[in-house]
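J.: Questions regarding the structure given below will be posed in turn.
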Amino acid sequence: MHTDPNCIFCKIVAGQIPARKVHEDDELLAFHDIAPWAPVHVLIIPKTHIVSMAEVTDAEAALLGRMMTLSPKLMRDLGVTNGFRHIINTGVDGAQEVMHLHLHVMGGPRPWSKG
């Protein structure tokens, strides 16, 4: 597994930085975002260091599929029942702040929702 010793997400994977984990397996880690944009906001990351979607090849297709299929399960487990949103920022111009591939999954009532 490739890691970057200077990457904050690699440090979270290694247990050097704490995180509120909601899922962990051999390939993926999911945890609550420390600056949530929604009532439920988790990040799903590969444990191996992939900089961004711009670095992804066909070899990562199954891993990306697992990230996407894990997200609805996590949202259900976290009580999100009325929809959720996926965001993957890619590169500086794509507003990526941490240069380790990560999928934002956000749900819960929007502030402007009625009821």
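J.: Please tell me if ARG110 is surrounded by 11 or more Cβ atoms within 10 Å (Cβ to Cβ), assigned to a loop (DSSP other than H, G, I, E, B) and among the basic types (Lys, Arg).
T.: So ARG110 passes the test.
J.: Please go through (1) among the hydrophobic types (A, V, I, L, M, F, W, C); (2) free of Cβ contacts under 8 Å to residues at least 24 places away in the same chain; (3) farther than 19 Å from THR3 by Cβ for LEU29 and return the number of the only condition it doesn't satisfy.
T.: With (1) among the hydrophobic types (A, V, I, L, M, F, W, C); (2) free of Cβ contacts under 8 Å to residues at least 24 places away in the same chain; (3) farther than 19 Å from THR3 by Cβ applied to LEU29, the lone miss is (3).
J.: Right, here's the next one. Mind counting the residues in the range 1-13 that are free of Cβ contacts under 8 Å to residues at least 12 places away in the same chain and under 16 Å from the mean Cα position of the chain (by Cα)?
T.: 1
J.: Select from the range 79-90 the residues that are surrounded by fewer than 18 Cβ atoms within 10 Å (Cβ to Cβ) and either among the aliphatic types (A, V, I, L, M) or at positive phi (or both) and list them in ascending order.
T.: If the condition is that a residue be surrounded by fewer than 18 Cβ atoms within 10 Å (Cβ to Cβ) and either among the aliphatic types (A, V, I, L, M) or at positive phi (or both), then GLY79, GLY83, ILE87, ILE88 are the ones that fit.
J.: On to the next question. Looking at this structure, is ILE44 under 26 Å from ASN6 (Cα atoms), of a type in the set (A, V, I, L, M), within 13 Å of the chain's Cα centre (by Cα) and not in a loop (DSSP other than H, G, I, E, B)?
T.: Yes; evaluated as a whole, the condition is true for this residue.
J.: Now, a different point. Within the range 36-66, which residues are surrounded by fewer than 15 Cβ atoms within 10 Å (Cβ to Cβ), among the hydrophobic types (A, V, I, L, M, F, W, C) and free of Cβ contacts under 8 Å to residues at least 24 places away in the same chain?
T.: ALA59, ALA61, ALA62
J.: Would you check which residues across the range 3-33 are in a helix (DSSP H, G or I) and within 20 Å of GLU60 (Cα to Cα) and list them?
T.: Result: PHE9, CYS10, VAL13.
J.: Suppose we keep only residues that are modelled with pLDDT under 95 and over 24 Å from ASP93 (Cβ atoms) within the range 1-35. Which one would you say is surrounded by the most Cβ atoms within 10 Å (Cβ to Cβ)?
T.: If we take residues in the range 1-35 being modelled with pLDDT under 95 and over 24 Å from ASP93 (Cβ atoms), then THR3 is surrounded by the most Cβ atoms within 10 Å (Cβ to Cβ).
Let's see how each residue does on (1) in contact with a strand residue (DSSP E or B) (Cβ under 7 Å, 6 or more places away or on another chain); (2) among the hydrophobic types (A, V, I, L, M, F, W, C); (3) more than 30 Å from ARG110 (Cα to Cα):
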{"residue": "ALA38", "(1), (2), (3)": "yes, yes, no"}
{"residue": "THR48", "(1), (2), (3)": "no, no, yes"}
{"residue": "ALA59", "(1), (2), (3)": "no, yes, yes"}
{"residue": "ARG66", "(1), (2), (3)": "yes, no, no"}
{"residue": "GLY94", "(1), (2), (3)": "no, no, no"}
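J.: Looking at the range 95-112, which of its residues are in contact (Cβ under 8 Å) with a residue 24 or more places away in the chain and among the small types (Gly, Ala, Ser)?
T.: GLY107, GLY108
J.: Does the range 67-80 include one or more residues that are in contact (Cβ under 8 Å) with a residue 40 or more places away in the chain and in a loop (DSSP other than H, G, I, E, B)?
T.: Yes, the range 67-80 has at least one match.
The values are calculated or read from the model by the stated rules, or taken from the named source; none is laboratory data. Because the structure is a prediction, the values reported are computed rather than measured. Note that we place each Cβ from the backbone using ideal geometry, even for glycine, and neighbour counts take in every protein chain shown.
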